[in-house]
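Q: I'd like to ask you about the structure that follows.
The values are calculated or read from the model by the stated rules, or taken from the named source; none is laboratory data. This structure is a prediction, so every number in the text was calculated from the model and none was measured. Reconstructed Cβ throughout: ideal geometry from the backbone, glycine too, with neighbour counts over all protein chains shown. Accessible surface areas use protein heavy atoms only, side chains included; no ligands, DNA or RNA. Shrake-Rupley method; radii C 1.70, N 1.55, O 1.52, S 1.80 Å.
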Amino acid sequence: MKTLEVSLAERSYPIYIGSGLLSQAALLRTHIKRKEVIIVTNETVAPLYLDKVNKLLDGYQCESVILPDGEEFKTLEVMNKIFDALLEKHFSRQVTLIALGGGVIGDMTGFAAACYQRGVPFIQIPTTLLSQVDSSVGGKTAVNHALGKNMIGAFYQPQCVIADTDTLNTLDDRQLASGIAEVIKYGLINDLTFFEWLENNIQLLKERDPHALSYAIERSCQNKANIVAQDETEQDIRALLNLGHTFGHAIETGMGYGNWLHGEAIATGMLMAADLSARMGWMPFDEVKRIKAIFESAELPVMGPKPMNSEQFLSLMSVDKKVQDGVIRLVLLKGIGEAVLTDAYDQQKLLDTLAEFQPTE
Ligand code: NAD
Ligand code: GLY
């Protein structure tokens, strides 16, 4: 097992990464202060892992809430089912919430923990690659709104993150690829050496080689922990973690939540950001080709969705948490491994990028 730390003074917490962690009762129990627990999961993950986690909590007052599965259910209405269960079972302020599932469950459970009786502890047990390398770390919690993704939420840190790499064995290939997109993101933002490693090892990740996966998860979490430790509430450098997200969130909202997976949308979004950066003369087009090649080898999309035109993109992109004084700020690249947050791009070049990524046939 590898242990990393998210260093946030009194809100610091460990990230445990390894095989067999869902068989280690002490690891989980150490982070639960009182013996009141509610496990939040969904109808896909529950039959796979709920019994296993329940067994670790033998002797505790432990209940579970099983939510419907899908990005389209990441709503305030569905989140309310967590509050219903907590109140129906008379859970006190001493309760610990456990998020067992992917990023949807993690984001909703974290937000519910931030709200229940004005804040109770929660633990992340991420079971997708995407949630192990990104969403479980850093305390961003949220639900979607019909008009914008992750628009209702809070910064609220977990007590710990337990990433059992064995859970990835039951993940389907499309979901695995979606997680690989977030892994590649760290290389693009500020880790050229990691990007080069990924160029050489993408096949091993697709084949779920345990050593390659563990290394990629550790390096991704370390990258994210470093950034979060410097800027917990995204006043500055943390915004770089949103590379590809302004384009990608527009795709997710525009296409209807759940139709494009988050990692798929941000893969296309990152390529669009790279294309615009090259049009601005900030990076060579050869580097854009390298980025396209790595996404293609990961079997991630490299074109936008046909039904979305530039006007729709721009309208959806203007509902973004990085918008300041009505201006859309974008994370762009000054090269692979050097992301910047900027509004100094040319509007016509943005339109050219949007046109370039709209399929013609
Ligand atoms: P997800 O939670 O929808 O999980 C993907 C699918 O895999 C679901 O059908 C789920 O039931 C299933 N699943 C989960 N674990 C499984 C397992 N071990 N075996 C088989 N199936 C399993 O999606 P995701 O990709 O994990 O997360 C995407 C969400 O995360 C989005 O809502 C996105 O906005 C959010 N996100 C949040 C942050 C953050 O910082 N909070 C960062 C990135 C993404
Ligand atoms: N996934 C972006 C962030 O955590 O800031």
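Q: Could you pull the Cα extents of segment 1-143 along its three principal axes, largest to smallest, in whole Å?
A: For segment 1-143, the Cα extents along the three principal axes come out at 37, 34, 33 Å.
Q: Can you tell me the order of 1-10, 210-219, 136-145 when each peptide is scored by its average per-residue count of other Cβ atoms within 10 angstrom, highest first?
A: 136-145, 210-219, 1-10
Q: Let me ask something else. Past the 25 Å Cα-Cα mark, which pairs from 149/185; 224/306; 2/140; 149/289; 33/74?
A: Numbers: 149/185 19 Å; 224/306 33 Å; 2/140 23 Å; 149/289 29 Å; 33/74 28 Å.
The pairs that break the limit, which is 25 Å between Cα atoms, are 224/306; 149/289; 33/74.
Q: Also: Which whole-number percent gives the relative contact order of the chain, counting Cα pairs below 8 Å spaced six or more residues apart?
A: Details: 688 pairs, mean separation 55.1, N = 361.
Relative CO of the chain lands at 15 percent.
Q: Then there is this: So how strong a dipole does the chain carry about its Cα centre when Lys and Arg Cβ are +1 and Asp and Glu Cβ are -1, to the nearest 20 debye? Walk me through the intermediate numbers first.
A: Details: 32 positive and 46 negative charges, 201 e Å.
Rounded to the nearest 20 debye, it is 960 debye.
Q: For all pairs of alpha-carbon atoms in segment 114-268, what percent lies in each bin of width 10 Å, listed from the first bin to the last filled one?
A: Spelled out bin by bin, segment 114-268 gives 10, 39, 39, 11, 1 percent.
Q: Separate question: In vacuo Debye scattering of segment 1-47, one point per C-alpha: log10 I(q)/I(0) at q = 0.21, 0.28 Å⁻¹?
A: Taking Cα atoms of segment 1-47 as identical point scatterers yields -1.02, -1.13.
Q: Debye sum, Cα scatterers, segment 320-361, no solvent: what log₁₀ I/I(0) at q = 0.21 1/Å?
A: For segment 320-361, the Cα-only Debye profile gives -0.82.
Q: To continue, here is another question. Counting only protein heavy atoms and using a 1.4 Å probe, what share of the accessible area of segment 259-343 belongs to carbon plus sulfur, as a whole percent?
A: Ligands and nucleic acids excluded, carbon and sulfur give 48 percent.
Q: At what distance in angstrom do the alpha carbon centres of segment 174-237 and segment 4-61 lie from each other?
A: 23
Q: Restricting the count to DSSP beta bridges whose residues both fall in the chain, what percent are antiparallel, rounded to a multiple of 5? Intermediate results must be reported in sequence, preceding the final value.
A: On the way: 15 of 37 bridges.
About 40 percent, rounded to the nearest 5.
Q: Leaving out ligands, DNA and RNA, what percent of the accessible area of segment 60-120 is carbon and sulfur, probe 1.4 Å? It would help to have the intermediate numbers written out before the result.
A: Numbers: 1160 of 2540 Å².
Solvent-exposed carbon and sulfur of segment 60-120 make up 46 percent of the total.
Q: Calculate the radius of gyration of the Cα atoms of segment 240-319 to one decimal place, then report Dmax, the largest Cα-Cα distance, as a whole number, both in Å.
A: Rg, Dmax (Cα atoms, Å): 12.2, 35.
Q: Give the accessible surface of the chain per residue, rounded to a whole number of Å², with probe radius 1.4 Å and ligands, DNA and RNA excluded.
A: Numbers: 14670 Å² over 361 residues.
Per-residue value: 41 Å².
Q: Between 315, 19, 178, where does the largest GNM mean-square fluctuation fall for the chain, given springs only between Cα atoms within less than 10 Å?
A: Per the Cα network of the chain with a 10 Å cutoff, 315 tops the list.
Q: OK, next. Over all pairs of distinct alpha carbons, what does the Kirkwood formula give as the hydrodynamic radius of the chain, in Å?
A: On the way: mean 1/r = 0.0486 Å⁻¹.
Hydrodynamic radius (Kirkwood, Cα only) of the chain equals 20.6 Å.
Q: Please compute one quarter of the surface area of the Cα convex hull for segment 180-254 and express it in square nanometres.
A: Numbers: hull surface 22.7 nm².
The directionally averaged projection comes out at 5.7 nm².
Q: I'd like to know which of 181, 75, 295 lies farthest towards the positive end of the charge dipole of the chain, counting +1 on Cβ of Lys and Arg and -1 on Cβ of Asp and Glu.
A: Towards the positive end, the residue furthest out is 75.
Q: Now for a different question. Kindly express, to the nearest 10 degrees and within the range 0 to 90, the angle between helix 173-190's C-alpha long axis and the longest C-alpha principal axis of the chain.
A: Once rounded, one gets 70 degrees.
Q: Can you compute the charge dipole magnitude of segment 84-206 about its Cα centre, using +1 on each Lys and Arg Cβ and -1 on each Asp and Glu Cβ, nothing else charged? Give it in debye, rounded to the nearest 20. Don't skip to the end; give the middle numbers.
A: Working: 8 positive and 12 negative charges, 103 e Å.
That gives segment 84-206 a dipole magnitude of about 500 debye.
Q: Run lengths n ≥ 4 of DSSP H only: what is the helix-derived mean residue ellipticity at 222 nm for the chain, with -39500 (n - 2.57) per run over all residues, to the nearest 500?
A: Details: 12 runs with 151 residues, N = 361.
Calculated at 222 nm, the ellipticity per residue is -13000 deg cm²/dmol.
Q: Once the convex hull of the C-alpha atoms of segment 224-272 is built, how many Å³ does it hold per residue, rounded to a whole number?
A: Values: hull volume 4.1 nm³, N = 49.
Once divided by residue count, the hull of segment 224-272 is 83 Å³.
Q: If you build the Cα gyration tensor of segment 291-343 and take the root of 5 times each eigenvalue, what three semi-axes come out, in whole angstrom, biggest first?
A: Details: eigenvalues 111, 72, 10 Å².
Computed over segment 291-343, the values are 24, 19, 7 Å.
Q: Still on this structure, please answer the following. If you line up the long axis of helix 76-88 against the longest principal axis of the chain, both from Cα atoms, how many degrees apart are they, to the nearest 10?
A: In the chain, helix 76-88 runs at an angle near 10 degrees to the longest axis.
Q: Please work out the ratio of the alpha-carbon Rg of segment 66-183 to 2.2 N^0.38 Å and round it to two decimals. Don't jump to the answer; show the numbers that get you there.
A: Numbers: Rg = 13.8 Å, N = 118, 2.2 N^0.38 = 13.5 Å.
Dividing the Cα Rg of segment 66-183 by 2.2 N^0.38 Å gives 1.02.
Q: Straight-line reach from residue 35: which lysines have a Cα under 19 Å away, not including same-chain ones fewer than 8 places off?
A: 52, 55, 89
Q: Output ³J(HN,Hα) for segment 104-113: one whole-Hz value per residue in order, computed from phi by the Karplus curve 6.51 cos²θ - 1.76 cosθ + 1.60 with θ = phi - 60°, and x for Gly and Pro.
A: Karplus values, whole Hz, x for Gly and Pro: 5, 5, x, 5, 6, 5, x, 5, 4, 5.
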